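Chemist: Take a look at the following structure, please.
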Amino acid sequence: MRLNIDVIQREMENLKELRNVNLLDVVDHLSDGSYRLKANIFPSSGAVYAFWWTGSSEDFLAGDVNRIMRFKGPNGRNVDVEFSDDWINQIHVDGKIPLYVGKTADSLHKRLSLHLQLKTKRGLSLGEKALSEERKTTSNQVRDRIERMFLNEADIRKLMLHNIGLSYVLLDGDLESANRFYLEDKAIGEFLPLFNIDIER
């Protein structure tokens, strides 16, 4: 394992550059109505990645969009976090809203698939009932948070595919473990992505 500050600084700038303006360009629409990431479009290698809201800010800030996320805090008490207008407006990066930063040691393709869950229209119930439901997996932060914001979208995939973009940098292999770790932390600290927030227990 090695640490290279120059690599982290350089890749931090690269991580701001979109590889895909929206996800629609990197999926196949299957005959059964579902979607999947196109084969071989993302490498099976280690990476740090970021999801961005690239659609209209007005749509993201619309009055019918839920912007209160409920977390379990210390002693099991509920802690509500609100994505206010001021908060969202302060974290824009070149006109796009940072949603989530993550890393993977093995396969970027597999990790993105777990986040997006493109085979199902919706994992949580429609409407406010979704706010009290448990997450379906521990690997779907992007999909889960989007469903909790857009409570009345029956097929959340269309909204995601048209309005979410992706950036990533490849840092493959065990030797890059430290660089992946610190780049992810640095990007979270600088971008302040909405869906990375968690509550201390």
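The values are calculated or read from the model by the stated rules, or taken from the named source; none is laboratory data. Bear in mind that the values here come from a model prediction, so they are computed numbers and not experimental data. Cβ placement follows ideal geometry from the backbone for every residue including glycine, while neighbour counts extend to all protein chains displayed. These area figures cover heavy atoms from the full protein model, side chains too; ligands, DNA and RNA do not enter into them. Shrake-Rupley method; radii C 1.70, N 1.55, O 1.52, S 1.80 Å.
Chemist: Collect the residues in the range 8-17 that are open to solvent by less than 60 Å² (accessible area, probe 1.4 Å), out of contact with any Asp or Glu (no Cβ under 8 Å at 6 or more places or on another chain) and either within 24 Å of ASN163 (Cβ to Cβ) or modelled with pLDDT under 90 (or both), keeping them in residue-number order.
Modeler: Kept after step one, since they are open to solvent by less than 60 Å² (accessible area, probe 1.4 Å), are these residues of the range 8-17: 8, 11-12, 15-16.
Restricting the remaining residues to those that are out of contact with any Asp or Glu (no Cβ under 8 Å at 6 or more places or on another chain) gives 8, 11, 15.
Once the filter is applied, which keeps residues that are open to solvent by less than 60 Å² (accessible area, probe 1.4 Å), out of contact with any Asp or Glu (no Cβ under 8 Å at 6 or more places or on another chain) and either within 24 Å of ASN163 (Cβ to Cβ) or modelled with pLDDT under 90 (or both), the range 8-17 yields only LEU15.
Chemist: Let me ask another. With the requirement that a residue be of a type in the set (D, E, K, R), surrounded by 18 or more Cβ atoms within 10 Å (Cβ to Cβ) and modelled with pLDDT of 95 or more, what does the range 158-201 give you?
Modeler: Restricting attention to the range 158-201, the residues satisfying the condition of being of a type in the set (D, E, K, R) are 158, 172, 174, 176, 180, 184-186, 190, 198, 200-201.
Add one more test, that the residue is surrounded by 18 or more Cβ atoms within 10 Å (Cβ to Cβ), and what stays is 176, 180, 184.
Answer for the range 158-201, where residues must be of a type in the set (D, E, K, R), surrounded by 18 or more Cβ atoms within 10 Å (Cβ to Cβ) and modelled with pLDDT of 95 or more: ARG180, GLU184.
Chemist: I've got another one for you. Just to be sure, is ALA154 open to solvent by less than 10 Å² (accessible area, probe 1.4 Å) and farther than 25 Å from LEU18 by Cβ?
Modeler: Criteria not met by ALA154.
Chemist: I've got another one for you. Scan the range 83-132 residue by residue and report those that are free of Cβ contacts under 8 Å to residues at least 12 places away in the same chain and under 28 Å from ASP32 (Cβ atoms).
Modeler: Within the range 83-132, SER125, LYS129 qualify.
Chemist: How many of the residues in the range 15-31 are of a type in the set (D, E, K, R) and closer than 17 Å to ILE156 by Cβ?
Modeler: Qualifying residue count for the region: 0.
Chemist: Please enumerate the residues belonging to the range 15-35 that are assigned to a helix (DSSP H, G or I) and under 16 Å from the mean Cα position of the chain (by Cα).
Modeler: Those that are assigned to a helix (DSSP H, G or I) and under 16 Å from the mean Cα position of the chain (by Cα): LEU23, LEU24, VAL26.
Chemist: For the range 18-35, give me each residue that is within 27 Å of LEU192 (Cβ to Cβ) and open to solvent by less than 100 Å² (accessible area, probe 1.4 Å).
Modeler: Hits for the range 18-35 are LEU18, ASN20, VAL21, ASN22, LEU23, LEU24, ASP25, VAL26.
Chemist: Further, regarding this structure: If we scan the range 133-146, do we find a residue that is in a helix (DSSP H, G or I), open to solvent by 30 Å² or more (accessible area, probe 1.4 Å) and among the basic types (Lys, Arg)?
Modeler: Among the residues of the range 133-146, not one is in a helix (DSSP H, G or I), open to solvent by 30 Å² or more (accessible area, probe 1.4 Å) and among the basic types (Lys, Arg), which makes the answer no.
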